[in-house]
Each structure stands twice: as structure tokens, then as C-alpha cells.
1. Here is a list of conditions, (1) open to solvent by 10 Å² or more (accessible area, probe 1.4 Å); (2) in a helix (DSSP H, G or I); (3) aliphatic (A, V, I, L, M), and Leu259 meets all of them except one; can you say which number that is?
2. Testing Asp45 on (1) in contact with a Leu (Cβ under 8 Å, 6 or more places away or on another chain); (2) under 24 Å from Ile176 (Cβ atoms), one condition comes back false. Which one is that?
3. Does region 214-228 include one or more residues that are touching a Lys or Arg at 6+ places or on another chain (Cβ under 6 Å) and either on the phi < 0 side of the Ramachandran plot or open to solvent by 50 Å² or more (accessible area, probe 1.4 Å) (or both)?
4. When the residues of region 46-75 are narrowed to those that are without any contact (Cβ under 8 Å) to a residue 24 or more places away in the chain and not β-branched (Val, Ile, Thr), which ends up least open to solvent (accessible area, probe 1.4 Å)?
5. Looking at region 76-90, I want the residues that are touching a residue at least 40 places away in the same chain (Cβ under 8 Å) and have a partner that is outside any loop (DSSP other than H, G, I, E, B) and among the β-branched types (Val, Ile, Thr) with Cβ atoms under 9 Å, at least 6 apart or on another chain. Which pairs are those?
6. Could you pull out the residue among Ile44, Ile9 that is in a loop (DSSP other than H, G, I, E, B), touching a strand residue (DSSP E or B) at 6+ places or on another chain (Cβ under 6 Å) and closer than 29 Å to Glu113 by Cβ?
7. Do you know which residues across region 136-156 are within 20 Å of Asp33 (Cβ to Cβ) and open to solvent by less than 20 Å² (accessible area, probe 1.4 Å)?
8. Take Ser248 and tell me if it is outside any loop (DSSP other than H, G, I, E, B), modelled with pLDDT of 90 or more and among the polar types (S, T, N, Q).
Amino acid sequence: METIEKPFIIANTESICIDKLKDEHIIPVFSKDNTPLISQYQLIDSTAKVMNQLGFKFNDPQIRVSHPIMGRIPSAKDKKALDLLDHEKTLYYERMMYLFQIPEIRSTVNNQELSLVFGGIKSYSWDNLGKDHRSQQHFKFFIGFQVWICSNLCVSTDGVVLDFRTNSVNLIEHQIRLLTETFNPDKQLNWLKSLEGYSLSEDQFAHFIGRCRMYNHLPDKQGIPELSITDSQISNVVKGYYSDSTFSQKQGNICLWSLYNLLTEANKSSYIDGFLDRGVNAQQISNELIRGLETNQSWFL
């Protein structure tokens, strides 16, 4: 099994350590009263605190950031950018996504090892910085399983994705606790394992890809399941169908477990803001394909 840690999202992100996030990045404020927002570090720290309280053992978080907001201290306002000293620069990242791996909760599906992951997303672009500290701030959290061989994030829609607003760190911790307590790992694993029992022929796969290409141009999408995966990501799925070392087709057939992983692998090119929603959509599409194979009534097939 491959053990090298790979990024769970790529897009335009870069990796960062939690100490740097805590010690070197400024925190945006609400302009009306100069009150700081809940920082990205506080979000990660709150997650770790709740997980400790619930008895989980976890690895150091993987953290990815994007969209840097750079500035400078007032005394360096007239300096050229190349002449700025490190202490004269200010920086924070507008968008941040993180996950903790919980290696003690693991299973195997189709010879790939899965481990439980927990994490969240924060983008300051979601918040109205022109207001004051009473304004609600927007957060997203998730819990699911990671395909460790290729670092895909497998997220369920059933009680494991939390999208909410608050201005309280205490409420964040409360919501994370509720999310963890309502998640049923056995149910999620059973769904993942069920994907092995379904497959698409080459003709069915070609029809599915063609329908995905048509989707964005349809004049009327009423009654058709949502598809948020982009055309370029669909192209990556086709590429993986032929050449992925783990999840490619076998004699033209591809099981839905492999197709689901190709979808989530392609999703790694999404920006942070859309990553989780498209991950959820990959599961929705997989469920729709199962329904279509069982009833022969899916628009995608």
C-alpha cells in the first residue's frame, strides 16, 4: 500500500503548517468595530479540542490554503516590494481547508484501505467584513472516509456535512460534537462497499459521459439530478477510465467504486469553496447510477 501523504485537494492551494497559520498570519476584522473574525487557526484548534474530548486519536492536520491577501506595515508603505523585510510584510489566506486523519477507525473496500477523516472549510469571502462583531460567520465541516491509496475524500450526504453560521467559538465546538455523534461510520462503509456490486459497460460509461457533457447546455434541467462536476473534471474521469493505475476499467467494464473514486480524484482540482459540494455531488451521482442500473430509468444512462 502506498504510504506517501498526498494532498487531498490541489487546485491552486498550497500546504501550510498549523504553527505558521497561528503565529505569522494576521486575522481579518469587521471594519465597523475592528473586532477580529474567528481565525482559521481557532477553527482547527476547536476541532482538535472536540476530538480529544471524544477520545479520538488523530494525526497532525493536513492544511491547504489559497488566495493570499498580502499587505505591509505602515512604516514600509513607500518601499518597493522587493525591498520589504519579513517583519514588514503581512499575510493571510482568504480560503483554508483542513482534515484530520483518524487511523484507528479504518476498513478495506476493494483492496483499498480507508481511514476516517474529519475536517472543515473556511473562506473569509463568505463573510461580510463591512459589518460588526454581531455578524454571523460561515463555516463548513465534514466527516467521512479517505481512500488512503490515492488520497480521495469520500463524503456522505447523510448527516456528515455541516454548513452553518455563528459568531461563537463555543457554538462551533458544539456543532462539531453533534456532527461527530450523528455520523454512522458503519452505514457509510456499507454504502462504499455496495459500490463494488455495480458496474458500467463501456457503452454505458460512454453514454454517462455524453450525458454529463450535455448537462450544462440543457435548456430545462427539471427532473434531472444535479451535476456540479465540471467539463474539465469529466475529461479527467475519462482519462482515469483508461489510464488510472488503481481505478481504470477492466476489459471495458468499470465498477461504481472505481468510478466514484475517479470522480472524487477529479474533484481535487476544485477550488476550496466548491470542493465539498462537488464531493457530495459525486456520491449523489453514484446513487443515481445505482438507481439507473436497478430500474433502467436514469437520465444519465
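1. Only one criterion is unmet by Leu259, namely (1).
2. With (1) in contact with a Leu (Cβ under 8 Å, 6 or more places away or on another chain); (2) under 24 Å from Ile176 (Cβ atoms) applied to Asp45, the lone miss is (1).
3. Here is the first cut: in region 214-228, the residues touching a Lys or Arg at 6+ places or on another chain (Cβ under 6 Å) are 228.
Filter once more, so that each one left must be either on the phi < 0 side of the Ramachandran plot or open to solvent by 50 Å² or more (accessible area, probe 1.4 Å) (or both): 228.
Yes, there is a match, as at least one residue in region 214-228 is touching a Lys or Arg at 6+ places or on another chain (Cβ under 6 Å) and either on the phi < 0 side of the Ramachandran plot or open to solvent by 50 Å² or more (accessible area, probe 1.4 Å) (or both).
4. In the first step, residues of region 46-75 are kept if they are without any contact (Cβ under 8 Å) to a residue 24 or more places away in the chain; the result is 52, 55, 70, 72-75.
The next check asks that each one be not β-branched (Val, Ile, Thr); those that pass are 52, 55, 70, 72, 74-75.
Details: Asn52: 101, Gly55: 51, Met70: 152, Arg72: 86, Pro74: 108, Ser75: 100 Å².
It comes out as Gly55.
5. Listed pairs, sorted by first residue: Thr90/Ile69.
6. Details: Ile44 fails: in a loop (DSSP other than H, G, I, E, B).
None of the others qualify; the one that does is Ile9.
7. Filtering region 136-156 for residues within 20 Å of Asp33 (Cβ to Cβ) gives 136-138.
The answer is Gln137, and nothing else.
8. Details: outside any loop (DSSP other than H, G, I, E, B): no; modelled with pLDDT of 90 or more: yes; among the polar types (S, T, N, Q): yes.
No.
The values are calculated or read from the model by the stated rules, or taken from the named source; none is laboratory data. Given the structure is predicted, the values throughout are model-derived calculations rather than measurements. With ideal geometry, Cβ positions are generated from the backbone for all residues, glycine too; neighbour counts draw on all protein chains shown. Please note that ligands, DNA and RNA were not included when accessible areas were found on the heavy atoms of the full protein model with its side chains. Shrake-Rupley method; radii C 1.70, N 1.55, O 1.52, S 1.80 Å.
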